[in-house]
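Reading through the structure tokens given below for one structure.
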Amino acid sequence: MRAAVHLHRPSSAATVLAITLVALLAAGLTIACGPAVAQASFRGDAAHTGVQTSAAPRTLPRIKWTFPTGDRITSSPSYANGVVYVGSDDGQLYAIDAATGRQRWMHRTGGPVASSPAVGGGRVYVVSYDGRLHALDATTGEVQWKFATQGERRFEAKGLHGMQPRTQTFADPFDVYLSSPVLAEGLVIFGSGDGQVYAVDVATGAQRWAFKTGDVVHAAPAYADGRIFVGSWDGRFYALDAKTGRELWHAQGGVDTLMANQQGFQSSPAVANGIVYTGSRDANLYAFDARSGQEKWRFPTGASWVITSPAVQAGRVYFATSDTSLVHAVDAASGQPVWQQQAPAYLFASPSLAGDVLLQGALNGSLQARDLASGELLWDFQTEGSQANLGWALTSQRKLNATMLFPTSWHDAMAIGTARQFDLGSFLSTPLVVDGVIYVGGTDGRLYALAK
């Protein structure tokens, strides 16, 4: 079934020209300030291509330093002006000296910070489970303003993933991320568990527009050419005018009326060369024309979710799957496979492209480096929690011990099993590479800095 597309086009050529000029100007400003704010948001740039500014080592790095937080790290780190910013499920946003691993400051929110921060204009912005977007001074951590949504929640459904009893509503234990904000057109744009995409003024926090979807929005919006691209748990993928929030088109993904397992856009999109790429829990990676919404191709994964956000570079798209634990490289124009490689465990964290190396974290606590051209494994780093393997959550082959983790589908068994596997020091965080140093958070609560 091809994705259904509903189009709403600009009313005049003048409007198109105006949007294009603004987008070009914004792109120019971004390029001009790039060196000072390198990798200052989720996936590195507003288009979320996943390309890092520095090459990663091709041999196993050592631990340069670790920074402990009070709970698991789901947030992906961002970097600006010698500081690494990362959230923790302990409710804090941390600013950490990139060279030494020492804390510069921390800011306590009212809930877990499972969003990745965005830095710009001397401020850092992050979303918390307290239902607020926090704007802080990037140097001091002083609160500049807060914006309150209608409240956060996880995606939920009756009999979700086959959990029993069938008539019980369950919150999804695999809905682990909050939407990460993107900075564009003088706005901070992000999704919310209340089902809306918000745009607020970067300086004041005043709401400029809100767009209502049919369910939770925890994907991170991407921005390109005056447009915002984002998916929702309602099974639709949207293109919005960045200035007004007006819907330009949407595409309908798969719908699972039986147990809500094969539906929803949890993956965050990437935009390159006029095409937007995004994964879905309906077991497809999609490529849409960014201007028209026309589906260019889809890559089926055989019933395995695509939670990871794709990375795009030099005519290839790189992404990974959950249950089948495969890392894929496909042709960006056609969707034809280039290579695939088997990873050791479920893959939720997104791949990062750093020079000729692809970095991919896994739920068994492994961070793997692969040759970008072939996908061949270069090295494998394991968190301390993964090496300890408390509770025997891993088999002797370091694969997840699914039989022990998920012995039954009744009541809270899936949530308990998910929590046990995260106790391994799993990687949900996407790696950041700056000046040859890899920064990545583990569910053991540590931010790791890895270097030669």
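The values are calculated or read from the model by the stated rules, or taken from the named source; none is laboratory data. If you're wondering where the values come from, they're calculated on a predicted model, not measured in any experiment. Quick reminder, even Gly has a Cβ in these numbers, built from the backbone with ideal geometry, and neighbours come from all protein chains shown.
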- request: Return only the number of the condition from (1) more than 16 Å from the chain's Cα centre (by Cα); (2) on the phi < 0 side of the Ramachandran plot; (3) assigned to a loop (DSSP other than H, G, I, E, B) that residue 151 does not satisfy.
  value: (2)
Strands (runs of 3 or more DSSP E) wholly inside segment 29-135 that include at least 3 residues being hydrophobic (A, V, I, L, M, F, W, C) and out of contact with any helix residue (DSSP H, G or I) (no Cβ under 9 Å at 6 or more places or on another chain): 62-68, 83-87, 92-97, 123-127
- prompt: In this structure, does residue 198 turn out to be under 19 Å from the mean Cα position of the chain (by Cα), closer than 25 Å to residue 274 by Cβ and aromatic (Phe, Trp, Tyr)?
  reply: no
field: Given (1) in a loop (DSSP other than H, G, I, E, B); (2) within 24 Å of residue 274 (Cβ to Cβ), number of the condition residue 167 does not satisfy
entry: (2)
message: Return the residues of segment 288-317 that are within 22 Å of residue 370 (Cβ to Cβ) and either modelled with pLDDT under 95 or not β-branched (Val, Ile, Thr) (or both); say none if nothing qualifies.
response: 299, 302, 304, 305, 309, 310, 311, 313, 314, 315, 316
query: When residues of segment 115-174 are filtered for being crowded, with 16+ Cβ neighbours inside 10 Å, at pLDDT 95 or above and of a type in the set (A, V, I, L, M), how many remain?
result: 9
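Give segment 170-222 a look and list any residue that's of a type in the set (Val, Ile, Thr), under 30 Å from residue 259 (Cα atoms) and part of a strand (DSSP E or B), or say none.
To start, the set of residues in segment 170-222 that are of a type in the set (Val, Ile, Thr) comprises 176, 182, 188-189, 197, 200, 202, 204, 213, 216-217.
After this cut, where a residue has to be under 30 Å from residue 259 (Cα atoms) as well, the list is 176, 197, 213, 216-217.
197, the sole residue that qualifies.
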task: Search segment 223-233 for residues being touching a helix residue (DSSP H, G or I) at 6+ places or on another chain (Cβ under 8 Å) and outside any strand (DSSP E or B), and hand back the single one that is surrounded by the most Cβ atoms within 10 Å (Cβ to Cβ).
output: 226
- request: Could you check segment 244-347 for strands (runs of 3 or more DSSP E) lying wholly inside it with 1 or more residues that are under 25 Å from residue 179 (Cβ atoms) and hydrophobic (A, V, I, L, M, F, W, C)?
  value: 247-252, 270-272, 275-280, 284-289, 295-300, 311-313, 316-320, 326-331
statement: Exception for residue 142 within (1) free of Cβ contacts under 8 Å to residues at least 12 places away in the same chain; (2) touching a Ser or Thr at 6+ places or on another chain (Cβ under 7 Å) falls at (2)
message: Among the listed residues 293, 254, 245, 315, identify the single one that is more than 20 Å from the chain's Cα centre (by Cα) and either acidic (Asp, Glu) or exposed (fewer than 15 other Cβ atoms within 10 Å of the Cβ) (or both).
response: 315
message: If a residue must be in contact with a Leu (Cβ under 9 Å, 6 or more places away or on another chain), within 18 Å of residue 286 (Cβ to Cβ) and not charged (D, E, K, R), how many such residues does segment 303-323 contain?
response: 13
task: Kindly indicate which of 394, 447, 378, 428 is more than 29 Å from residue 94 (Cβ to Cβ) and hydrophobic (A, V, I, L, M, F, W, C).
output: 378
message: Being in contact with an Asp or Glu (Cβ under 9 Å, 6 or more places away or on another chain), of a type in the set (Val, Ile, Thr) and in contact (Cβ under 8 Å) with a residue 40 or more places away in the chain: is that true of residue 307 here?
response: no
